[in-house]
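Undergrad: Dropping the structure in here first, questions after.
Just so it is clear, none of the values below were taken in a lab; they were calculated from the coordinates. Here the structure is a predicted model, which is why all the values come from computation and not from measurement. Positions of Cβ are backbone-derived with ideal geometry, glycine not excepted, and every protein chain shown enters the neighbour counts.
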Amino acid sequence: MVAALADKMISLVVYLYDLVEMVLSAFPNSVSAIRQGARPVLSVYLRQVYFTGLEAFKIILVTALLIGTVVITQIISIAGAGSETLTGKVIVWIVVRELAPLLTAIIVVARSGTAIAAELAQMKIAGEIDYLESLGIPAASYLIMPRILGVATAVLVLTIYFEIAAVLGGFLVASLGWHVPLEQYAQGVFSVLTISELAVSLAKGTLFGLFIGAICCRQGLKVGRSVTYIPQAATRAVMQSLFLLFIIDGIVSLFFLL
Amino acid sequence: MEQTVKFDKVVADEQLQEVSFGVPGGSMAAALTERQEESYLLVRLMLGLAQPLSGSVTLLGEPLGGASEKALNALRRQVAVVYPAGGLISNLKVWENLVLPLEYFSLYPPKEIEERGMAALEGVGYAAGLMELPGHLSLYSRKQVGLARAMLLNPRLVIYDEILTGLSGDQRGSIIEIIRKFHRETPGRTSLFLTSNEDAIREMPVEARIAMKGSSVHG
């Protein structure tokens, strides 16, 4: 029992180590790719940013507006009318610090994480990874690195969009529903929206993106030689990404709290 | 003459048992395998994509055992493989597939890549669209693009894996003619045909038939 638990713990540590190594190696790989010939790698990166970032923009916008509305409604229903400054402050604490990076990452996992894992798994099963490597093109530089960096860029930018949309959406609801003046709402927002708050949010967004990319690439490339492994790879990619998101969220929040 | 590829008592994946053979440099050689999977395994072993359980593989005079990934990639760049279905990447369009290695390694300026790419496609008689995805192409067209990509790389060794499989008589004739011409273009270039079809070997323009000593692969 203890041995089995220790085995599990060791595999988890090895797995996390592999992921961190994969993320860290994306940076030197990007330098070597740029040195050799950036065009095809840049094309994979931009395609990833497009599919993960641009195509998710609408759903992020709608979700952010709804979250802003819900948070504002809850604050006013708890604190009552006359809590204009507090509404601004609370929306920064809840949305900017926590919900924006986390919900953005969850949406990206659901939309793009599965797609990345399934695409790479399909490529592996069809022997396309071998085709690339036989051309002397390393999969790590051409397939993995631009995807990891592309997802990280997309999550970072979408997180910023989410925050802007939620804060503005919250104001619209507060203004239309409870006649909260812009001045007082903005005063509440900007009194707590410090560089540190933004840094926590952006650090989370970047880390979430890097690890979502790494997990999904890893799961996609780990499949066996049968198509039945593709949905399994996609499912594992989603579950592990979600699990790690919450762990990273906790670690980063704790780090900045201390 | 130096051997371009040399297998010395290679054992791998239960399919190959103590296989030994050498491919003479500059030759057009063919090897008969028992199954298509064996041809694929041989290609992977030759390029260092798979490691033998025992024995050694030498490619272009360099032993692959213990070679770094960087050294392997440098060797792979001197070899071109035309896979049974062309070896194209499914999410890249025909043109992107064709010029991928040239662009990745920045071998030529963009304008020259375009000219060379178009000339290569013309050379193999490719008639389908440049912006098609490989999944929409016929097997013949995919092989043509794979062949054109191999020609663009100006390799020292070209491996044709099941190149004639699945083609009609006319298409086989056309492909053989292109390969023969391409082989003669550069003195010293080695062409190795791998096939599991005995009849296909008779059609291939081979000068040497590789005798593989081993329990699973026949020559």
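Undergrad: Taking region B:42-57 as the search range and keeping residues that are assigned to a helix (DSSP H, G or I) and more than 11 Å from chain A (Cβ to nearest Cβ), which one is surrounded by the fewest Cβ atoms within 10 Å (Cβ to Cβ)?
TA: This residue is B:45.
Undergrad: If you scan region A:116-140, which residues turn out to be within 11 Å of chain B (Cβ to nearest Cβ), under 21 Å from the mean Cα position of the chain (by Cα) and of a type outside the set (D, E, K, R)?
TA: A:120, A:140
Undergrad: Just one of (1) in contact (Cβ under 8 Å) with a residue 60 or more places away in the chain; (2) within 24 Å of residue B:205 (Cα to Cα) trips up residue B:15, so point out which.
TA: Only one criterion is unmet by residue B:15, namely (2).
Undergrad: Taking residue B:146 as meeting all but one of (1) more than 14 Å from every other protein chain (Cβ to nearest Cβ); (2) among the small types (Gly, Ala, Ser); (3) within 21 Å of the chain's Cα centre (by Cα), write down the number of the exception.
TA: Here residue B:146 meets the rest and fails (1).
Undergrad: In region B:68-86, what residues are more than 16 Å from residue B:5 (Cβ to Cβ) and either in a helix (DSSP H, G or I) or of a type in the set (Phe, Trp, Tyr) (or both)?
TA: B:69, B:70, B:71, B:73, B:74, B:83
Undergrad: From the list A:25, A:43, A:32, A:77, pick out the single residue that is assigned to a helix (DSSP H, G or I), out of contact with any helix residue (DSSP H, G or I) (no Cβ under 8 Å at 6 or more places or on another chain) and on the phi < 0 side of the Ramachandran plot.
TA: The match here is A:77.
Undergrad: Looking at (1) away from chain B (no Cβ under 14 Å); (2) buried (at least 22 other Cβ atoms within 10 Å of the Cβ), which is the one condition that is false for residue A:98?
TA: Condition not satisfied by residue A:98: (2).
Undergrad: Assuming residue A:44 fulfils every condition listed in (1) within 13 Å of chain B (Cβ to nearest Cβ); (2) of a type in the set (A, V, I, L, M); (3) farther than 13 Å from residue A:144 by Cα apart from one, which condition is it?
TA: Against the list (1) within 13 Å of chain B (Cβ to nearest Cβ); (2) of a type in the set (A, V, I, L, M); (3) farther than 13 Å from residue A:144 by Cα, residue A:44 comes up short only on (3).
Undergrad: Applying the selection to region B:149-177, what residues are in contact with a strand residue (DSSP E or B) (Cβ under 8 Å, 6 or more places away or on another chain) and away from every other protein chain (no Cβ under 14 Å)?
TA: Residues satisfying the conditions are B:163, B:164, B:165.
Undergrad: Here is a further query. Against the conditions (1) farther than 30 Å from residue A:174 by Cα; (2) out of contact with any Leu (no Cβ under 6 Å at 6 or more places or on another chain); (3) of a type outside the set (Asp, Glu), where does residue A:65 fall short? Just the number, please.
TA: Failed condition: (1).
Undergrad: Looking at region A:101-122, which of its residues are surrounded by fewer than 24 Cβ atoms within 10 Å (Cβ to Cβ) and in contact (Cβ under 8 Å) with a residue 60 or more places away in the chain?
TA: If the condition is that a residue be surrounded by fewer than 24 Cβ atoms within 10 Å (Cβ to Cβ) and in contact (Cβ under 8 Å) with a residue 60 or more places away in the chain, then A:102, A:106, A:110, A:114, A:115, A:118, A:119, A:122 are the ones that fit.
Undergrad: Okay, moving on. Of the residues that sit in region A:202-240 and are surrounded by 24 or more Cβ atoms within 10 Å (Cβ to Cβ) and touching a Leu at 6+ places or on another chain (Cβ under 7 Å), which one is nearest to residue A:158 (Cα to Cα)?
TA: Once the filter is applied, the top-ranked residue is A:205.
Undergrad: In region B:58-98, which residues are within 17 Å of residue B:43 (Cβ to Cβ), in contact with a Ser or Thr (Cβ under 8 Å, 6 or more places away or on another chain) and facing chain A (nearest Cβ under 8 Å)?
TA: B:76, B:79, B:81, B:87
Undergrad: Here's a follow-up. Go through region A:71-118 and give me each residue that's among the acidic types (Asp, Glu) and within 17 Å of residue A:190 (Cβ to Cβ).
TA: Correct list: A:84 only.
Undergrad: Take the residues of region B:58-67 that are in a strand (DSSP E or B) and of a type outside the set (D, E, K, R): which is surrounded by the fewest Cβ atoms within 10 Å (Cβ to Cβ)?
TA: Here the answer is B:63.
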